[in-house]
Amino acid sequence: MPDYSNKPEDDLYHKLEWVMFLRVVFTSLLLGSTIILQFSEKPFPLTGPLLVLYGLIVTIFLLSFCYALIFKQVKRKLIFAYIQIGIDTFAVTTIIFVTGSFASIFSFLYLVIIIYSSMLLFRRGSMVMAVLCSIQYGILIDLEYYGIINSFSMNGSNAIGSYAWSQVLFKVVITMVACFAVAFLSGFLSEQLRRTRNKLSALEDRIKRVEKMAYMGEMAAGITHEIKNPLASLSGSIQILRKEVLYNPEHDKLMQIVLRETDRLSALVNNFLLFAKPPAGKIEKIELESALTETVKLFEKDKAGTDKVTIKSEFSSNIWIEMDPVHLRQVIWNLLLNAAEAIEGEGLVGIKTYPLKHNYAGIEISDNGCGITDRYMQSIFDPFFTTKASGTGLGLSIVHSILESYDTWLDVESKVGRGTKFSFKLKRRYPPT
Ligand code: ADP
Ligand code: MG
């Protein structure tokens, strides 16, 4: 199910803020412990490792400051997050280097980076960070083993020289495996979490829509009945009057107007009732291809001449469903009508059916019309919501009510200026024998 909210971006935004904040906290702690380390050894020696450590701390503070400065301006937060976390891996490598490389106990910091990268960047990001960490660790230990760099071991002796090659290799491999295992696991978990969240938010939207509709429907059904009866007496009385009263062309014209308007009102009321309380249909087995071909043909005939819209059908054959044919026609008709109305001048309306997983059939109606803005998207299913001069705003609410009664759901995807796609799915049935 497509996700139209900008939640994922928002999410990344907040998480990145947190990471930036925690990085400063961590660096402050590092500063504190470094100072304690320095002053615990009299007479406060400022040795090589401590110098590097102070340099690193200053660098991270400066970087954090820069991140905070440009954070609001950066458009592509994802790349920004990759860069920040990538730099973090180098910082950790530096920490490991000054705390004794091979002997350092800080290699677990790699795992911390991988875990939070998975929260921000999901599976791919955590894997990228695992690769970065492994490469850096491998190179660091190699360089130290071959004596190209000298580790600052805390007690002054060169620790790595006293280990056999196999032991060094073992530790490097273990660290790398740990990196990838953690990347895999945390990536998997965050991916799972993200999916569940998306599903939940779609479900939430759906419940909200259903609740709103149910409430409006109930209210409306009551009022509508109250309107229907007086309307019928009104139009009946006028019809009688028209026959009885002496013919006067002026009066006759007025009565015609009254009759026409009562007809319109009663059509509206009927439509509204359809939305508020769709009548239980007579369910039949329907073959989609033939049913939809017929509806499209009728629609084209009805709209002939008024539109320069081309309808392109693409039906999978032999898909059977169970539905009241009248309902199916209403749904398709309303969607086709909206699609055609969204197009100004020439345009293309597509109608498509296709088999889906788990024995479902998909039906999709698309257009390359004006599209729907985010603001309108919230309301298009509300009864009486319309952006058209002569619209009733009932089309989509009727479609919604009907599909709801078949336990299915209308999905919509739209890009302003590019077009809109409505789709829903129905359970497939076996053809009648
Ligand atoms: P109406 O067609 O009478 O306006 P609907 O309930 O059918 O009422 O549609 C409500 C609103 O949703 C429309 O006014 C329009 O703004 C929007 N809409 C529906 N379908 C489309 C579409 N295919 N393309 C663009 N906008 C659409
Ligand atoms: Mg409509």
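The values are calculated or read from the model by the stated rules, or taken from the named source; none is laboratory data. All of these numbers come straight from a predicted model, not from anything done at the bench. Positions of Cβ are generated from backbone atoms using ideal geometry, with glycine treated the same way; all protein chains shown enter the neighbour counts.
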Yes or no: segment 363-384 includes at least one residue that is of a type outside the set (Phe, Trp, Tyr), touching a Pro at 6+ places or on another chain (Cβ under 7 Å) and either assigned by TED's automatic domain parsing to the domain that holds Asp302 or away from ligand 1 (no atom under 13 Å from the Cβ) (or both).
no
Answer yes or no: is there a residue in segment 329-340 that is at pLDDT below 80, under 17 Å from Ile398 (Cα atoms) and among the small types (Gly, Ala, Ser).
no
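One line per residue, one yes/no per condition, for (1) at pLDDT below 85; (2) part of a helix (DSSP H, G or I); (3) more than 30 Å from Ala214 (Cα to Cα):
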site	(1), (2), (3)
Leu274	yes, yes, no
Lys285	no, no, no
Ala291	no, yes, no
Glu294	no, yes, yes
Thr306	yes, no, yes
Val309	no, no, yes
Evaluate the following for Ile105: is it surrounded by fewer than 18 Cβ atoms within 10 Å (Cβ to Cβ) and either in the same structural domain as Ser186 (by TED's automatic domain parsing) or of a type in the set (Gly, Ala, Ser) (or both)?
yes
Among the residues in segment 94-107, are any small (Gly, Ala, Ser), at pLDDT 95 or above and assigned to a helix (DSSP H, G or I)?
no
Filter segment 346-362 down to the residues that are more than 9 Å from ligand 1 (Cβ to nearest atom) and either among the basic types (Lys, Arg) or within 16 Å of Leu336 (Cβ to Cβ) (or both) and list them by number.
Gly347, Leu348, Gly350, Ile351, Lys352, Thr353, Lys357
Only one residue in Phe65, Phe122, Phe61 is touching a residue at least 40 places away in the same chain (Cβ under 8 Å) and either part of a loop (DSSP other than H, G, I, E, B) or aromatic (Phe, Trp, Tyr) (or both), so which one is that?
Phe122
Going through Glu322, Glu364, Glu300 one at a time, which residue ends up being crowded, with 18+ Cβ neighbours inside 10 Å, away from ligand 2 (no atom under 16 Å from the Cβ), more than 19 Å from Leu268 (Cβ to Cβ) and not aliphatic (A, V, I, L, M)?
Glu364
If only one of Thr387, Thr420, Thr408 is within 7 Å of ligand 1 (Cβ to nearest atom), in the same structural domain as Val309 (by TED's automatic domain parsing), surrounded by fewer than 18 Cβ atoms within 10 Å (Cβ to Cβ) and of a type in the set (S, T, N, Q), which one is it?
Thr387
Pick from segment 14-40 the residues that are modelled with pLDDT under 90 and surrounded by 13 or more Cβ atoms within 10 Å (Cβ to Cβ): which of them is farthest from Arg206 (Cα to Cα)?
Gln38
